1. Taking region B:1-114, how much of its Cα-Cα pair set, in percent, is spaced more than 22 angstrom apart?
2. With the alpha-carbon atoms as the only input, what is the per residue convex hull volume for chain B in Å³?
3. First measure r as the distance between the Cβ atoms of A:W210 and B:F198, then evaluate 1/(1 + (r/R0)^6) with R0 = 45 Å and state the FRET efficiency to the nearest 0.05.
4. Probe of 1.4 angstrom, ligands and nucleic acids ignored: what's the accessible area per residue over the protein assembly as shown, in square angstrom?
5. How long is the gain from A:T34 to A:K131 if the chain were fully straight, where each residue apart is worth 0.36 nm and the alpha carbon distance is subtracted?
6. Semi-axes of the equivalent ellipsoid for region A:198-262, please: Cα gyration tensor eigenvalues, times 5, square-rooted, ordered largest first, whole Å.
7. What percent does the relative contact order of chain B come to when contacts are Cα pairs within less than 8 Å and at least six residues apart?
8. How far is helix B:47-65 tilted off the main Cα axis of chain B, in degrees rounded to 10, range 0 to 90?
Amino acid sequence: MRMLAAGITPVLAVVLAIIVGGIVVLASGSNPITAYESMLVGAVGSPFDISETFISSIPLILAAYAVSFAFRSGLFNIGAEGQLYMGAIAATWVATTLSDWPGLPLIIVCIVAAMAAGGAWAGIAGWLKAKTGAHEVITTMMLSYVAIDISHWLLEAGPMTPANAFGTPESGPIPPQAAFPVILPSWILPNARLNASLFLTILAGLVFAWILWRTPLGYEIRAVGLNAKAAAYGGINVARRLVIAMVIAGAFAGLAGMVPVWVQMRLYDSFSPGYGYEAIAVALVGKNSAVGIFLAGLLYGAMIHGAVAMQANANISGFLVQILQALVLFFVGAEVLIRWFLRRGGFRALAEAAS
Amino acid sequence: MDIVNTFATILARPDLWAGTLRFAAPLTLAALGGVISERSGVVNIAMEGMMLVGAFFAVLVGAATHDIVLATLASVLCGGLIATFHGVASIHLRANQIVSGMAINLFALGLTSFLMFRFYATSGTPSDIPALPDVNIPVINSIPFVGAVIGDLNSIVWVSILAVPVTWWFLFRTRIGLRIRAVGEHPRAADTLGVSVFRMRYLCVILSGLFSGLGGAYLALSVAHSFSDNMTSGAGFIALAAMIFGKWHPVGAFLACLLFGFGQSLGINLQGTGFPDQLVAATPYVLTVVALAGFVGRAVAPAADGVPYEVGE
């Protein structure tokens with residue numbers, strides 16, 4: 001019953017979002033059935049599309065862990081985007097600098113670099129919050145803009161611009177031996193790009209849950225998040241826990257930044273379509289739990305990938321997806337509304353459990 | 001010495017200072033709206049979405065009617081309308097206000113881009129949309145330097161500047177302002193004294209939408225003369241930062257907006273001077289972090305900010 005109750009709000013939120021989104025499509029003079037059908041087919045209609053859906057989802061899931069982990073300590077990490085950029089920059093820099101290293105050690109060093117850079121970037125905000133009380137919503141957001149500007153500089157006119165760049169702002173190539181191995185060999189599914197970063201993402205989810213629910217550190221972080229004053233009274237060093245929580249959160253985001261670069265095998269200017277911001281929605285829809293975030297990330301990733309086919313085949317703007325994502329988020333937020341629907345439908349026990 | 005000279009030249013340019021005011025104007029409007037909303041106890045991170053909606057409908061109605069008044073009115077009202085959704089979610093449905101705000105932002109991005117594709121996919125927005133008028137001040141215009149800075153600013157820039165003392169007066173010198181602040185600090189007490197918490201909060205959230213919508217209209221009908229997907233590109237979030245930076249006070253928020261405006265203007269004026277302009281663009285953000293950590297100190301939100309109010313028995 002508890003499992004069912006935990007899932008019922010997001011599922012009903014999706015259903016409501018599809019209905020309201022359909023009305024928007026209808027009002028704009030298109031057929032909602034065609035829109036949803038082509039989006040669904042585009043997202044999961046073939047093994048290749050399923051692989052691509054995963055590719056769209058992975059950075060969202062990892063970045064959402066970054067948002068959620070900080071959230072558990074009571075901090076609103078609105079700047080996962082910048083932490084993600086720092087992770088991407090660090091991993092790319094290591095990979096292009098140590099390009100003569102053998103594969104496995106190089107991959108590991110790149111992962112460590114990405115997580116360290118993301119962690120350090122978020123750690124600044126955590127440290128400032130702990131030391132001076134500077135509001136983390138401002139500092140993480142400001143640091144995001146700074147990180148993105150740094151990446152512009154590095155790629156457009158700085159040390160990461162390759163000598164033979166013909167005006168396209170991009171880094172040198174990631175050496176091929178540093179690539180994540182592709183999961184499905186080409187004789188099973190040609191051109192599939194889904195790689196071992198999926199396993200890293202699952203591992204990240206396990207680590208996320210393990211730290212929070214199975215370690216003293218996680219207990220203390222959650223205690224700080226629930227009531228910082230009580231935690232301090234109980235002898236927890238709140239300032240230090242805030243910094244550690246932000247560093248761990250940033251490490252997830254740093255990894256989230258590395259993954260899309262390792263799909264394109266090059267760091268492009270503005271490579272992120274806003275993963276760090278959409279991750280906030282994914283974290284909220286996933287209710288800050290490891291499994292919830294994974295599922296919410298897959299849903300959002302599927303919508304993003306499905307939108308490409310929908311716009312091409314049904315001539316309906318792919319931005320319908322943002323409308324749907326917003327509606328899902330809105331209905332998840334407005335649980336009272338969902339409970340009211342449940343009660344109306346005669347599911348009183350479920351309505352009470354969903355609260 | 002070279003650096004000093006370059007900066008001295010740029011600081012003496014009236015363009016730099018006029019640009020500061022221009023860039024600050026939409027931020028100021030949105031930030032003031034945020035201040036009003038949060039003073040009543042409703043967290044508002046949705047200024048970005050409200051501005052975007054304002055910008056789109058300014059262009060849509062402007063293109064259809066060729067009437068600047070109707071276009072501006074439409075953007076203000078649409079900003080207010082989308083703010084009403086935030087109000088219903090956070091006041092009546094007691095939703096998490098950050099969740100609702102993010103949903104509004106995402107919805108606004110989706111809706112405006114969706115409609116953009118629907119109406120203007122192939123051609124872009126029409127070029128014959130009306131523009132918000134500039135205000136040419138005859139006498140001041142002829143004063144050297146000062147004239148070049150403030151002699152020919154857009155009407156909305158002046159509106160944004162005037163809105164600062166008006167908002168201050170409204171919040172701190174009127175009866176309704178006192179009620180708004182009471183509702184934001186201690187809603188139960190205000191309710192006991194007969195102030196309608198819900199009514200005050202709806203008023204403030206909708207006001208924030210009207211302000212942000214006007215900021216969006218300015219971006220579309222004066223700065224860009226067009227609409228493009230996600231054209232606010234974070235201005236609403238900067239306004240949010242300015243609101244917190246300014247400690248939920250209209251004048252503080254305005255000063256923070258001026259700082260951001262100055263940073264943007266400086267970045268543009270430094271282009272072509274050999275400085276890496278990408279890094280210069282980051283200076284206002286670095287300054288904000290430094291200032292926040294160094295001498296602004298702990299920002300304290302209104303006590304009941306973000307806490308839904310439940311009417312007692």
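The values are calculated or read from the model by the stated rules, or taken from the named source; none is laboratory data. The shown structure was predicted, so the numbers you read here are calculated from the model rather than taken from an experiment. As a convention, Cβ positions derive from the backbone with ideal geometry for all residues, glycine included, and neighbour counts pool all protein chains shown. Note: accessible area is taken over every heavy atom of the protein model, side chains too, but ligands, DNA and RNA are not part of it. Shrake-Rupley method; radii C 1.70, N 1.55, O 1.52, S 1.80 Å.
1. So the pairs more than 22 Å apart make up 47 percent of the total in region B:1-114.
2. On the way: hull volume 46.5 nm³, N = 313.
Roughly 149 Å³ of hull volume per residue.
3. Details: r = 44 Å, r/R0 = 0.97.
Approximately 0.55, to the nearest 0.05.
4. Values: 27280 Å² over 668 residues.
Roughly 41 Å² per residue, with all protein chains present.
5. Details: separation 97, 0.36 × 97 = 34.92 nm, distance 5.47 nm.
Answer, rounded to one decimal: 29.5 nm.
6. Taking √(5λ) for each eigenvalue gives 27, 13, 7 Å, largest first.
7. Details: 566 pairs, mean separation 114.1, N = 313.
Rounded, it is 36 percent for chain B.
8. Around 70 degrees separate the two axes.
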